[in-house]
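**Student:** Submitted below is the structure of interest, expressed as structure tokens.
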């Protein structure tokens, strides 16, 4: 498999100005509900998120990076996001990522998406296009999407529970084999899109994340936007 390239480091860097720092990926709601109380719970939460919503995001990113129609993929992302709150979050993050990517890796595909989706495309689709513009591979795009699915909650729980950052980093390290497995599955699914359309992409669900997102969006006091 062709290596994803150094651009992946920029895309996966939490300091890349794509707005992810304001979101917990459902971790804040899980902490408030008592489902995350320490590093062990965080690892279980992240592993579940990686193999459901993370897999879906990774496959969409891989497909976009492979050159498949971003508008069709955006519609597929909408269909795989039943929660209105999470659809709004996905487009908000996509809009911010697109803004950053257009400055970092200017290209016609990113400009076209900005014109066609002025209110924002779903973040994994934008991530895949950004990865393509940056010269990385579908596998690299899938890795970045999967890593974001777990690094966001891990970083948020450090703040929410005053969890030792070393423990949070150890959780991410233990999830590395899962992350690689998810990226490989995502690339394989994306390769089936020309023959079978977006039905070939995973549609793994996480109903509790959807329900929690709706409840979290209605809270008057919260540290993270999602």
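Bear in mind that the values in this text are calculations on the coordinates, not laboratory data. Keep in mind that what you see is a predicted model, and the values were worked out from it rather than measured. Using ideal geometry, Cβ is built from the backbone for each residue, glycine included, and neighbour counts are taken over all protein chains shown.
**Student:** Grab the alpha carbons of the chain, take their convex hull, and tell me the volume per residue in Å³. Spell out each step's value before the answer.
**Tutor:** Numbers: hull volume 24.1 nm³, N = 226.
For the chain, the hull spanned by Cα atoms encloses 107 Å³ per residue.
**Student:** In whole Å, what is the distance between the alpha-carbon centres of segment 27-55 and segment 156-217?
**Tutor:** 10
**Student:** Hey, what number do you get for the chain at 222 nm if only DSSP H runs of n ≥ 4 count, each worth -39500 (n - 2.57), divided across all residues, to the nearest 500?
**Tutor:** Working: 13 runs with 150 residues, N = 226.
It lands at -20500 deg cm²/dmol.
**Student:** May I pose another question? Among 149-157, 97-105, 58-66, how do they line up from the highest to the lowest mean number of other beta-carbon atoms within 10 Å?
**Tutor:** Numbers: 149-157: 25.3, 97-105: 19.3, 58-66: 32.0.
Put in order of decreasing packing, that is 58-66, 149-157, 97-105.
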